[in-house]
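A short worksheet on the structure shown next.
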Amino acid sequence: MTNSEVPNELPDKPTSDDEPPDKPPSDRNLKSRLRARLQLIGGALASIAAVGAIAGGLVGYWNVWKTLRTDVFPERQKTQMEAAARPDIAPRLSLVVLPFANLNNDPEQDYFVDSITTDLTTDLAQMPGAFVIGRGTAFTFKNKQIDFKTLGKELGIRWAVQGAVRRNGDQVRVNVSLTDLPSGRDVWSDRFDGDRTNVAALQDRITARLTRSLNIELIQAESRRSETDRSRNPDAVDYTMRGWAKFYEPRSKTEVAQAKELFDRALRLDPDNVDAMIGKAWCLAVNVLFGWSASVAEDKKVATDLIDRALSRSPASAVAHVVKGDTLRFGNPEAALPKYDAALEINPNFPVAYGQKGSALILSGRAREAFSPLQLALRLSPKDPAAANWRYSLCHAHLHLHEYQEAIEECRRTINMNNVFWLAYIDLISAYGTTGQLEQARQTLTELNKIRPDSTLEWHREFVYGMSSNPQFRREIDDLLDGLRKGGLREQ
């Protein structure tokens, strides 16, 4: 499948779009746009942290911009590749941001606290040389007792960031600590006060103090927006936070629709809210990818317009580039690949970007190349809600390459992680059918029919053909369909 989570519902109908594939912008390439924007904002500042006094007497805001080199992309991912190759060795600057505690004891405020945790994870993930565990895995530890030494060994990391948030009206207090996992001792803690009308500035101060405690010099990527890009409407910010909280819930058509409505409310209050633009565009892209869209052409157009506007305001937002890739991936996966690469150039600790890239490579007829990004996604966020997706994509890549035993093993692992992941059953039936293991194919088909009783060869062919017109991909899909036929899946 092609998104961060596979839905349990079948698409309303196989999606199609008669429009020509979306084209990437032709006027400027990504790196030129990033350089231009960063040079305008940063001027002569290349990689020197600017630290100054802030209102209220607390020091620590930082405002640093990096210069981009032509060789920055592979270098930026060096730490991640080494960590994936040697998971037994924790990188020096490896950490997880654990979900902050909500001290208000009001579940209605969880979205606000979770938003601070998520944004802090994004900021720290952009530190040079950092290895940061993905949000999806981090949130599996929410409201749980944690043994820090075990956590460090389990995730292959050295540090944990913890915190707690108390909100009193518009006033916000955040307590943060940094824990050395091998010893289980806190090595730093601090308290930050601010207000909800400028949560982003509060997060900047926390990140700056954390990075100094870790004894490194943080270079700020532009995804932490300039003051002019931050919404001035606190209610719009609030709706946007609620939208992201809803979007991160287990994926379904209903949840995505509710998230989109919250982003719409934010945009009605503040049409220039960049985070809300990105969120709404991603909801629309998910609807297209999952076959939930009532009008593919219209949803793709609106999503493209929104994400292009967002990127014009924040061209170094890694999430925005992933969303741009997702608007392209259905029908034009080749054009989506540079967008995922752009996201990883900005944030090399972004597991979703690695996972989406692996999926796009398979759709582009380049299944052999999909293994590396998918393995990196799993190393960065092994407990992620989307981890079953990435494991399935490994199965799918093996199947496309006719590596049937490996495909069977990965599909079995996928089903063990999520036993209603219907696409894994599809690939497993095909692998069993192709290799003549007809009894296993029959048993797997019985399990599939319990989950998706209306699965047919005709429907599946139309669905996957709509994803990509790449000739190599379609030849491989034809082999997969032949295996399904041998495995007993009915034609209609």
query: Before we move on, is residue 395 of a type in the set (A, V, I, L, M, F, W, C), more than 30 Å from residue 124 (Cα to Cα), assigned to a helix (DSSP H, G or I) and without any contact (Cβ under 8 Å) to a residue 24 or more places away in the chain?
result: no
- prompt: Of everything in the range 345-357 that's in contact with a Ser or Thr (Cβ under 8 Å, 6 or more places away or on another chain) and part of a helix (DSSP H, G or I), which residue is farthest from residue 84 (Cα to Cα)?
  reply: 346
query: in contact with a Phe, Trp or Tyr (Cβ under 7 Å, 6 or more places away or on another chain) and open to solvent by less than 10 Å² (accessible area, probe 1.4 Å), is that true of residue 318?
result: yes
Count of residues meeting criterion [open to solvent by 50 Å² or more (accessible area, probe 1.4 Å) and of a type outside the set (D, E, K, R)] in the range 105-137: 3
Residue in the range 383-406 that is surrounded by the fewest Cβ atoms within 10 Å (Cβ to Cβ), counting only those that are farther than 26 Å from residue 436 by Cα and out of contact with any Ser or Thr (no Cβ under 6 Å at 6 or more places or on another chain): 385
- request: Mind counting the residues in the range 439-459 that are out of contact with any Gly (no Cβ under 7 Å at 6 or more places or on another chain), open to solvent by 10 Å² or more (accessible area, probe 1.4 Å), part of a helix (DSSP H, G or I) and of a type outside the set (Lys, Arg)?
  value: 9
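Which residues, taken from the range 184-205, are among the polar types (S, T, N, Q) and buried (at least 19 other Cβ atoms within 10 Å of the Cβ)? Before you say what the answer is, go through the steps one by one.
Quick first cut of the range 184-205, residues among the polar types (S, T, N, Q) only: 189, 197-198, 203.
Within the range 184-205, just 203 meets the criteria.
Residues that are under 28 Å from residue 337 (Cβ atoms), of a type in the set (S, T, N, Q) and at pLDDT 75 or above, at least 2 per element: which helices (runs of 4 or more DSSP H) completely within the range 25-137 meet that? Step through it out loud before you land on a result.
Working: elements: 30-42, 72-76, 78-85, 110-125.
Correct list: 78-85, 110-125.
So that you can scan it fast, the table gives a plain yes or no per residue for (1) within 25 Å of residue 161 (Cβ to Cβ); (2) over 17 Å from the mean Cα position of the chain (by Cα); (3) modelled with pLDDT of 90 or more; (4) outside any loop (DSSP other than H, G, I, E, B):
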site: 212; (1), (2), (3), (4): yes, yes, no, yes
site: 239; (1), (2), (3), (4): no, yes, yes, yes
site: 251; (1), (2), (3), (4): no, no, no, no
site: 279; (1), (2), (3), (4): yes, no, yes, yes
task: Test residue 368 against the stated conditions and say whether it is basic (Lys, Arg), out of contact with any Pro (no Cβ under 9 Å at 6 or more places or on another chain) and more than 28 Å from residue 477 (Cα to Cα).
output: no
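Kindly establish whether residue 271 is in contact (Cβ under 8 Å) with a residue 40 or more places away in the chain and surrounded by fewer than 24 Cβ atoms within 10 Å (Cβ to Cβ). Before the answer, list the steps.
Working: in contact (Cβ under 8 Å) with a residue 40 or more places away in the chain: no; surrounded by fewer than 24 Cβ atoms within 10 Å (Cβ to Cβ): yes.
In short, no.
Pick from 342, 335, 360, 370: which is in a helix (DSSP H, G or I) and without any contact (Cβ under 8 Å) to a residue 60 or more places away in the chain? Spell out how you get there, then give the answer.
Numbers: 342 fails: without any contact (Cβ under 8 Å) to a residue 60 or more places away in the chain; 335 fails: without any contact (Cβ under 8 Å) to a residue 60 or more places away in the chain; 360 fails: without any contact (Cβ under 8 Å) to a residue 60 or more places away in the chain.
Exactly one residue qualifies, and that residue is 370.
Name the single residue, out of those in the range 460-492 being part of a loop (DSSP other than H, G, I, E, B) and of a type in the set (S, T, N, Q), that is modelled with the lowest pLDDT.
Our first condition is that a residue be part of a loop (DSSP other than H, G, I, E, B); within the range 460-492, this holds for 466-470, 488-492.
Checking which are of a type in the set (S, T, N, Q) leaves us with 468-470, 492.
On the way: 468: 94, 469: 94, 470: 96, 492: 85.
Top of the filtered list is 492.
Looking at 135, 158, which one is touching a Leu at 6+ places or on another chain (Cβ under 6 Å), within 24 Å of residue 347 (Cβ to Cβ), in contact (Cβ under 8 Å) with a residue 40 or more places away in the chain and of a type in the set (Lys, Arg)? Break it down stepwise before answering.
Working: 135 fails: touching a Leu at 6+ places or on another chain (Cβ under 6 Å).
The unique qualifying residue is 158.
The values are calculated or read from the model by the stated rules, or taken from the named source; none is laboratory data. Remember, it's a predicted structure, so these values are computed and weren't measured experimentally. Because the Cβ atoms are built from the backbone with ideal geometry, glycine has one as well, and the counts that use them run over all protein chains shown. With ligands, DNA and RNA removed, areas are computed over all heavy atoms of the protein, side chains included. Shrake-Rupley method; radii C 1.70, N 1.55, O 1.52, S 1.80 Å.
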